[in-house]
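This report concerns only the one structure given below.
The values are calculated or read from the model by the stated rules, or taken from the named source; none is laboratory data. Remember, predicted model here, so these are calculated numbers, not experimental data. We place every Cβ from the backbone using ideal geometry, glycine too, and count neighbours over all the protein chains shown.
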Amino acid sequence: MLFISIHPRYAQAIIEGRKTVELRKRRPRAEMGSMVAIYATMPQCEVVATAILNRVEVKEPDRLWHDVRTKAAVTKHAYDTYFAGADLAVGIHLSQIRQLDCPIPLSDLRESWQGFQPPQQYRYLSAREQEFISLRGSTQIASLSCTGSAEHV
């Protein structure tokens, strides 16, 4: 599972379906079809959604823009500024985006994962960390309040 840090306005655009491609300067080594945890950075500081990694596209910045301009929820100016001087641009295509009913706050992540610091870009989760996100994000296991405590059904 890929754990990716995203500015809150872009995380919201992903949740709303206006953004299906996340832009990066480095290609993640995650398998197509794997789950992605979407972490909204300051001031939210919480996992707000999950998605499926549909594909990763790596091209020269001008060529990638042509493919993602209507899917990345950024202006051409912001895109050009971000990729200024870069030889390659990465588009992480997301599908099956699912907003968490109860976002997972940074305090819960730190309580469960000793020494956890949100990544600047992204990081890979261990099996135990993946299970934590999956269980907390699932509404099928039990009805969870947003404090994380299980309510009796």
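What to note about this one:
The rows are residues; the columns are (1) over 21 Å from Phe132 (Cα atoms); (2) at pLDDT below 95; (3) touching an Asp or Glu at 6+ places or on another chain (Cβ under 8 Å).
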{"site": "Pro8", "(1), (2), (3)": "yes, no, no"}
{"site": "Cys45", "(1), (2), (3)": "no, no, no"}
{"site": "Asp87", "(1), (2), (3)": "yes, no, yes"}
{"site": "Asp108", "(1), (2), (3)": "no, no, no"}
{"site": "Gln114", "(1), (2), (3)": "no, yes, no"}
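- Checked against the criteria, Arg98 counts as of a type in the set (D, E, K, R), surrounded by fewer than 17 Cβ atoms within 10 Å (Cβ to Cβ) and in contact with a Gly (Cβ under 8 Å, 6 or more places away or on another chain).
- Pick from region 7-55, criterion among the β-branched types (Val, Ile, Thr) and touching a helix residue (DSSP H, G or I) at 6+ places or on another chain (Cβ under 7 Å), ranking: surrounded by the fewest Cβ atoms within 10 Å (Cβ to Cβ): Thr41
- Residues of region 43-75 satisfying the condition of being more than 14 Å from the chain's Cα centre (by Cα) and assigned to a loop (DSSP other than H, G, I, E, B): Pro43, Glu60, Arg69, Thr70, Lys71, Ala73, Val74, Thr75
- Positions within region 41-57 being out of contact with any Leu (no Cβ under 7 Å at 6 or more places or on another chain) and without any contact (Cβ under 8 Å) to a residue 40 or more places away in the chain, in sequence order: Met42, Pro43, Arg55, Val56
- Of all the residues in region 76-108, those that are closer than 18 Å to Ala51 by Cα and assigned to a loop (DSSP other than H, G, I, E, B) number 0.
- Taking region 93-138 as the range and being out of contact with any Cys (no Cβ under 9 Å at 6 or more places or on another chain) and of a type in the set (Asp, Glu) as the test, the residues that pass are Asp108, Glu111, Glu129, Glu131.
- Contacts under 8 angstrom Cβ, first residue in region 1-25 being within 12 Å of Val74 (Cβ to Cβ), partner in a loop (DSSP other than H, G, I, E, B) and basic (Lys, Arg), 6 or more apart: Tyr10/Lys19; Ala13/Lys19; Lys19/Lys71; Val21/Lys71
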